[in-house]
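Step one of this worksheet: look at the structure below.
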Amino acid sequence: MTPGRLEARGVGKSYRSGRGGTTVALTDLSLSVEDGAFVSLVGPSGCGKSTFLDCVAGLEPYDTGELLLDGRPITGPDPRTAVVFQDPSLLPWRSTADNIAYGMTLRRKGTAADRARKTAELVELVGLTGFERHYPGELSGGMRQRVNLARALATEPELLLMDEPFGALDALTREQLQVELERIRLAGRVTVLFVTHDIEEAVFLSDRVVTMTGRPGTVSSVFDVDLPRPRDPSVKRSPAFTALEERLWGRLHSPVATR
Ligand SMILES: Nc1ncnc2c1ncn2[C@@H]1O[C@H](COP(=O)(O)OP(=O)(O)OP(=O)(O)O)[C@@H](O)[C@H]1O
């Protein structure tokens, strides 16, 4: 995987509501995510995090500003980008292996043998060895999200967009998946933009955490996370970690951030 570089310059986005009104979701949002970086977006509910991610994914058009992936404007869904949502929405009639391979098959990536080899590698990478032939209904929520992650990685994206991917999981599974994502990313080098409500999760995973204001959302501040990698959950109890968490919490609860 070659990591991609994302650049947002003054992005604005409004929705038209059913009753003829307009909701301004984003205003003048600028940020850059350099090749191979892991950047999290945190902010109050409804501030436009998912909207921004959808615009970057090319799933929603934006009204103003520029969104560039490797210097080229994002005008729609792009094969260089993969998205992981909170709901894995796997194909229920396909096994773990077939769900993972599905995107590769659709895009006719490599030969059938190449795809089988890649699928086996990914099954191992996300810790699902032994569950290759299980169907989604036979997997736990955490396992389904692992399949979802492997499915996204199978397309060898430059940019991985993750919208609250672990939000529906219990605390223990969530932590396990955070550790796995840290490991997977270090093994594969992909640029990640990650949306979460969870400050601890954002600090644990990120090189940088970007806080957003209340709606209409824009960047309120950027925090560098200088904790060494690979990170182990025990880092969450370190003074450097908790100090950063507190600064972020303070920022998100300041009058400017909530507006
Ligand atoms: N498809 C849509 N049509 C109309 N309005 C929308 C649409 N999607 C989002 N909005 C509005 O845009 C604003 C931003 O929503 P968005 O889901 O991006 O926020 P968020 O920060 O991801 O929220 P949360 O943290 O609660 O998931 C909200 O006011 C929401 O009502």
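The values are calculated or read from the model by the stated rules, or taken from the named source; none is laboratory data. Keep in mind that this is a model prediction, so the values were computed, not measured. Cβ atoms come from the backbone with ideal geometry, glycine included; neighbour counts cover every protein chain shown. These accessible areas exclude ligands, DNA and RNA; they are computed on the full protein's heavy atoms, side chains included. Shrake-Rupley method; radii C 1.70, N 1.55, O 1.52, S 1.80 Å.
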In the neighbourhood of LEU53 defined by beta carbon distances under 11 Å, the net charge of the other residues (Lys, Arg +1; Asp, Glu -1) is -3
Counting only helical runs of four or more DSSP H residues, what would the 222 nm mean residue ellipticity of the chain come to if each run contributes -39,500 (n - 2.57) and the total is spread over all its residues? -10500 deg cm²/dmol
Using a 1.4 angstrom probe, figure out how much accessible area the range 91-243 has per residue, in square angstrom, rounded to the nearest whole. 43
Note: probe point = Cα of HIS197 + 7 Å toward Cβ; backbone nitrogen < 13 Å; residues of the range 6-47 passing the test are 43-47
Neighbour net charge for VAL195 - beta-carbon separation under 11 angstrom, K R +1, D E -1: -4
Which shape class, rounded, prolate or oblate, goes with the range 145-187 when its Cα gyration tensor gives a ≥ b ≥ c as root eigenvalues, a/c under 1.5 marks rounded, and past that a/b bigger than b/c marks prolate? prolate
Multiply the residue gap between ASP232 and ALA116 by 0.36 nm, knock off their C-alpha separation, and tell me the result in nm, one decimal place. 38.6 nm
Set the Förster radius R0 to 25 Å, insert the Cβ-Cβ distance between SER254 and ARG183 as r into 1/(1 + (r/R0)^6), and round the FRET efficiency to 0.05. 0.15
For the range 63-214, the dipole about the Cα centre with charges only on Cβ (Lys and Arg +1, Asp and Glu -1), to the nearest 20 debye, works out at 760
Between LEU59 and THR105, what FRET efficiency follows from the Cβ-Cβ distance if R0 is 30 Å, with the result rounded to 0.05? 0.85
How would you classify the range 53-111 from its alpha-carbon gyration tensor, with a ≥ b ≥ c the square roots of the eigenvalues: rounded for a/c under 1.5, else prolate if a/b is greater than b/c, otherwise oblate? oblate
Are there trypsin sites (Lys or Arg not before Pro) in the range 132-172 that DSSP puts in a loop and that have at most 10 other Cβ atoms within 10 Å, and which ones? ARG133
Based on alpha-carbon centroids, what's the gap between the range 183-209 and the range 143-173 in Å, whole number please? 12
Hey, any idea what % of the chain's accessible area is carbon plus sulfur with a 1.4 Å probe? 52
Go through the range 168-181 residue by residue and turn each phi into a ³J(HN,Hα) via Karplus (6.51, -1.76, 1.60, θ = phi - 60°); whole Hz please, and just put x for glycine and proline. 9, 9, 5, 4, 5, 5, 4, 5, 4, 6, 4, 5, 5, 5
In terms of modelled amide H atoms, which long-range or inter-chain residues lie less than 5 Å from the amide H of ALA25? LYS13, SER14, TYR15
Per residue, how much accessible surface does the range 1-59 expose to a 1.4 Å probe? Answer in Å², no decimals. 41
Please label the shape of the range 109-196 as rounded, prolate or oblate, based on the square roots a ≥ b ≥ c of the eigenvalues of the alpha-carbon gyration tensor (a/c under 1.5 means rounded; beyond that, a/b larger than b/c means prolate, else oblate). oblate
Residues other than ARG107 with Cβ under 14 Å of its Cβ, Lys/Arg counted +1 and Asp/Glu -1, net out at +3
